[in-house]
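Structure, as structure tokens:
The values are calculated or read from the model by the stated rules, or taken from the named source; none is laboratory data. Owing to the predicted nature of the structure, the values given are computational and were not obtained by experimental measurement. For neighbour counting, all protein chains shown are included, and Cβ atoms are generated from backbone atoms with ideal geometry for every residue, glycine included.
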Amino acid sequence: MLTIEQTQRFQEAIKRIGGDRNLLVTLASLVSDDAARLQIELDRQLLENRFLEAVATGHALQGMLSTFEVGSPVIELRNVISVLRSGDGDRAKVLWSDCKLAIDSFIHEVNALANSA
């Protein structure tokens, strides 16, 4: 069962899936482990200058997180991906550094949502 805080935090996501809170929890259960893994993978790829791989990983992570949020921090992640696609890996690293903690925090919120079943 969702807490009041979770209901408020994810109210737009709940609306997008027709008000089905159980479905939202199920979706969170499906993506929570993968999202955390992809975040770690994206971080490693950026550190190792594997930018083409980072585009694919970032895009997958963005897709997962967009189920729950289309604003911040997903917008910032989208900016990282866009800059990577433009070929500016150094700028992408800076942008990633700026949003990494927010992404991590958001993934923890999704994990908590998954555990609310």
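For LEU77, the criteria (1) more than 24 Å from LEU2 (Cα to Cα); (2) at pLDDT below 95 hold in every case but one, which is (2). Among the residues of the stretch 51-79, those identified as surrounded by fewer than 19 Cβ atoms within 10 Å (Cβ to Cβ) and hydroxyl-bearing (Ser, Thr, Tyr) are SER66, SER72.
Of ARG50, ARG9, ARG91, all but one fail to be under 15 Å from SER116 (Cβ atoms) and of a type in the set (D, E, K, R); the exception is ARG9. Scanning the stretch 76-116 for residues that are in a helix (DSSP H, G or I) and among the small types (Gly, Ala, Ser) turns up SER82, SER86, GLY89, ALA92, SER97, ALA102, SER105, ALA112, ALA114.
Cβ-Cβ distances below 9 Å connect the following pairs, each with a first residue in the stretch 41-68 that is under 13 Å from VAL83 (Cα atoms) and in a helix (DSSP H, G or I), a second residue that is at pLDDT 95 or above and aromatic (Phe, Trp, Tyr), and a separation of six or more residues or different chains: LEU46/TRP96; ALA54/TRP96; GLY58/TRP96.
Note on the stretch 31-40: residues that are touching a residue at least 24 places away in the same chain (Cβ under 8 Å), out of contact with any Asp or Glu (no Cβ under 8 Å at 6 or more places or on another chain) and either surrounded by 15 or more Cβ atoms within 10 Å (Cβ to Cβ) or not acidic (Asp, Glu) (or both) total 5. Do we find a residue being among the polar types (S, T, N, Q), touching a Leu at 6+ places or on another chain (Cβ under 7 Å) and on the phi < 0 side of the Ramachandran plot anywhere in the stretch 90-105? No, the conditions are met nowhere in the stretch 90-105.
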